[in-house]
Amino acid sequence: MTPEHSLTDWGIVAIFVTVYIGMILGGLPRLKLDRSGVALLGAIGVIGLGAMSTTQAASAVDLPTMLLLFAFMVVSAQMRLGGFYTAVTRQVAALPLGRNALLGALIAVAGALSAVFSNDIICLAMTPVVAQLCLQRRLNPAPFLLGLACAANIGSAATLIGNPQNMLIGSLLQLPFGAYVRQALPPVVLSLGVLWAWLVWGPGHAESTAPAKPSAAMPVDLPSGYGPLQAPPFDAWQTAKGLAVAGALLLVFLFTDWPREVAALVGAGVLLLSRRLHSSDVMGF
């Protein structure tokens, strides 16, 4: 190994370590960088060192995966802006359930939604409602928020559209959608059950166990708007439109050989044709 190659290798190691520190901390000290900025800076550093050419960097990006991810981010944003996630979480909050059953319902809903929509947006949309629910019922919010985060990640593994990793795996290996779901669903359901059991009987389980609440007694109120900590007003038409597109895409994935990224882009295009939701608002999420 020549000294020049050795310096390049050590430079790559330094970039790798710096990027992961930035990911852990959420940014780099004294720099106005978030995680996306840190990752971009790391990619620029690798190219700048000559470890990878711009052509090699471009070829390393799987375009079908990026298109599929973009399209489902649009679908997920449509559901959030239509108030769907907030409405579903409020319905769960109003159930006449005790602490443990309520936790189980939350885990089940978060896992199911994350299998179809983006798990990141599920967490973003449901977290404020769950936190407010815990405050109103005087419950320790930590198990509920931890359950939401873990359930969203576990549930997203059930399909080839639940998270970017599965999208990439499905694209590169050309995995059939239905066959994957049949194989992945049992361990996902089992993992959600293990998560619930750990949160109920694991460390700190004896802190609080709330009695069952009457079904009409727990409205969860949040300020209205479209910010990350606000509850978008429920729009039945926009929600129905998003659900119709998502349902149609699932049928296409299950019963046709139409390329998933192409079908998803068509679905995203249908959602962007809106008189109420501006495209900048949809793609801003």
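The values are calculated or read from the model by the stated rules, or taken from the named source; none is laboratory data. The model shown is predicted, which means the values in this text are computed figures rather than measured ones. Reconstructed Cβ throughout: ideal geometry from the backbone, glycine too, with neighbour counts over all protein chains shown.
Residues that are assigned by TED's automatic domain parsing to the domain that holds residue 240, under 28 Å from residue 141 (Cα atoms) and not in a loop (DSSP other than H, G, I, E, B) do not occur anywhere in segment 24-33. Of all residues in segment 92-109, those satisfying the criterion of being in contact with a helix residue (DSSP H, G or I) (Cβ under 9 Å, 6 or more places away or on another chain) and assigned to a helix (DSSP H, G or I) are 92, 93, 99, 100, 102, 103, 104, 105, 106, 107, 108, 109.
Quick check, is residue 243 within 28 Å of residue 157 (Cβ to Cβ), surrounded by 18 or more Cβ atoms within 10 Å (Cβ to Cβ) and modelled with pLDDT of 85 or more? Against the criterion (within 28 Å of residue 157 (Cβ to Cβ), surrounded by 18 or more Cβ atoms within 10 Å (Cβ to Cβ) and modelled with pLDDT of 85 or more), residue 243 does not qualify. Which of (1) at pLDDT 85 or above; (2) at negative phi; (3) crowded, with 17+ Cβ neighbours inside 10 Å is the odd one out, the single condition residue 94 does not satisfy? So the condition that residue 94 fails would be (1). Consider residue 151 carefully, then state whether it is assigned by TED's automatic domain parsing to the domain that holds residue 178, part of a loop (DSSP other than H, G, I, E, B) and small (Gly, Ala, Ser). Judged against the criteria, residue 151 is not a match. Might you let me know whether segment 45-67 holds any residue that is surrounded by fewer than 19 Cβ atoms within 10 Å (Cβ to Cβ), touching a residue at least 12 places away in the same chain (Cβ under 8 Å) and within 30 Å of residue 147 (Cβ to Cβ)? Scanning segment 45-67, I find no residue that is surrounded by fewer than 19 Cβ atoms within 10 Å (Cβ to Cβ), touching a residue at least 12 places away in the same chain (Cβ under 8 Å) and within 30 Å of residue 147 (Cβ to Cβ), so the answer is no.
Suppose we keep only residues that are in a loop (DSSP other than H, G, I, E, B) and over 16 Å from residue 13 (Cα atoms) within segment 37-60. Which one would you say is modelled with the lowest pLDDT? In this case the residue turns out to be 60.
Every residue, every condition in (1) modelled with pLDDT of 95 or more; (2) under 22 Å from residue 253 (Cα atoms); (3) among the small types (Gly, Ala, Ser); (4) in contact with a Lys or Arg (Cβ under 6 Å, 6 or more places away or on another chain), yes or no:
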{"site": "99", "(1), (2), (3), (4)": "no, no, no, no"}
{"site": "107", "(1), (2), (3), (4)": "yes, no, no, no"}
{"site": "161", "(1), (2), (3), (4)": "no, yes, no, no"}
{"site": "186", "(1), (2), (3), (4)": "yes, yes, no, no"}
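Selection of first residues in segment 181-203 that are within 13 Å of residue 115 (Cβ to Cβ) and of second residues that are among the β-branched types (Val, Ile, Thr), restricted to Cβ pairs under 7 Å at least 6 apart or on distinct chains, gives the following pairs, ordered by first then second residue: 181/159; 188/154; 191/154; 192/107; 192/154.
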